[in-house]
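S.K.: First the structure, then my questions, so here it is.
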Amino acid sequence: MEPRLNLLGNTVMTKFVKYLVSASKVVTDSALPAATQELVKLRASQINGCAFCTDMHSKDAEHAGETQLRLNLVAVWREATVFTEAERAALELTEQGTRIADAATGVTDEAWANAAKHYDDDQLAALVSLIAEINAWNRLNVITRQPAGDYQPGQWG
């Protein structure tokens, strides 16, 4: 499969991507646990059907020490026993925030309250920012049909 657009070969897209990368550093440098960040990125990417991001974030998570068992079970986290209550709250918020158009109310008060039990305000801000960010990346890659499979951990810094 050939991409519809070279994301780094187009002046406008290159500038936009630089801003997204800059924004992502805020989340990466936050107190939101790194493992949670990877699980969130992977789950949103699965929901959005973003093969490029699913490839990237599963490999980056494994490279950072995440177990293959947990990575294999992200898509079915509700039935899996390998995630903490905090991770489960983050995954629920991710799903509702990613599928925002599927529910008339968007993110439920229950999902928000559950996340707020496990994360302080700064971590919640990072989590919300991360959900928004990964959804933007997913849309860029899906719309332009970026191919998956060749990503190497750490390739993008």
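S.K.: What are the pairs with Cβ atoms under 6 angstrom where one residue, in the stretch 73-99, is in contact (Cβ under 8 Å) with a residue 24 or more places away in the chain and the other, located anywhere, is in a helix (DSSP H, G or I) and among the polar types (S, T, N, Q)? Sequence gap at least six, or different chains.
M.R.: Close Cβ pairs (under 6 Å, with a partner that is in a helix (DSSP H, G or I) and among the polar types (S, T, N, Q)) amount to Ala75/Gln46; Glu87/Thr36; Ala89/Asn114; Ala90/Thr36; Thr98/Asn135.
S.K.: Next up: Consider only pairs whose beta carbons are under 6 Å apart and that are at least six residues apart or on different chains; among these, list those whose first residue lies in the stretch 24-37 and is within 20 Å of Asn138 (Cβ to Cβ) and in contact (Cβ under 8 Å) with a residue 12 or more places away in the chain and whose second residue is surrounded by 19 or more Cβ atoms within 10 Å (Cβ to Cβ) and among the small types (Gly, Ala, Ser).
M.R.: So the pair list comes out as Val27/Ala126; Leu32/Ala126; Thr36/Ala90.
S.K.: Return the only residue of Leu32, Leu39, Leu71 being more than 27 Å from Leu5 (Cα to Cα), under 15 Å from the mean Cα position of the chain (by Cα) and outside any helix (DSSP H, G or I). Steps first, please.
M.R.: On the way: Leu39 fails: outside any helix (DSSP H, G or I); Leu71 fails: outside any helix (DSSP H, G or I).
On inspection, the qualifying residue turns out to be Leu32.
S.K.: Here's a follow-up. Return the total of residues in the stretch 10-50 being farther than 27 Å from Gln123 by Cα and either open to solvent by less than 60 Å² (accessible area, probe 1.4 Å) or aromatic (Phe, Trp, Tyr) (or both).
M.R.: Going through the stretch 10-50, the residues farther than 27 Å from Gln123 by Cα turn out to be 10-15.
Those still in the list that are either open to solvent by less than 60 Å² (accessible area, probe 1.4 Å) or aromatic (Phe, Trp, Tyr) (or both) too: 10, 13-14.
Number of matching residues: 3.
S.K.: Do we find that Ile134 is modelled with pLDDT of 95 or more and β-branched (Val, Ile, Thr) in this structure?
M.R.: Values: modelled with pLDDT of 95 or more: yes; β-branched (Val, Ile, Thr): yes.
Taking the combined requirement at face value, the residue satisfies it.
S.K.: Would you check if there is a residue in the stretch 48-68 being at positive phi, assigned to a loop (DSSP other than H, G, I, E, B) and either modelled with pLDDT under 95 or small (Gly, Ala, Ser) (or both)?
M.R.: Yes: the stretch 48-68 contains one or more residues that are at positive phi, assigned to a loop (DSSP other than H, G, I, E, B) and either modelled with pLDDT under 95 or small (Gly, Ala, Ser) (or both).
The values are calculated or read from the model by the stated rules, or taken from the named source; none is laboratory data. Keep in mind that what you see is a predicted model, and the values were worked out from it rather than measured. Neighbour counts run over all protein chains shown; Cβ positions are idealised from the backbone, glycine included. Each accessible area value is taken on the protein alone, full model and side chains, heavy atoms only, with ligands, DNA and RNA left out. Shrake-Rupley method; radii C 1.70, N 1.55, O 1.52, S 1.80 Å.
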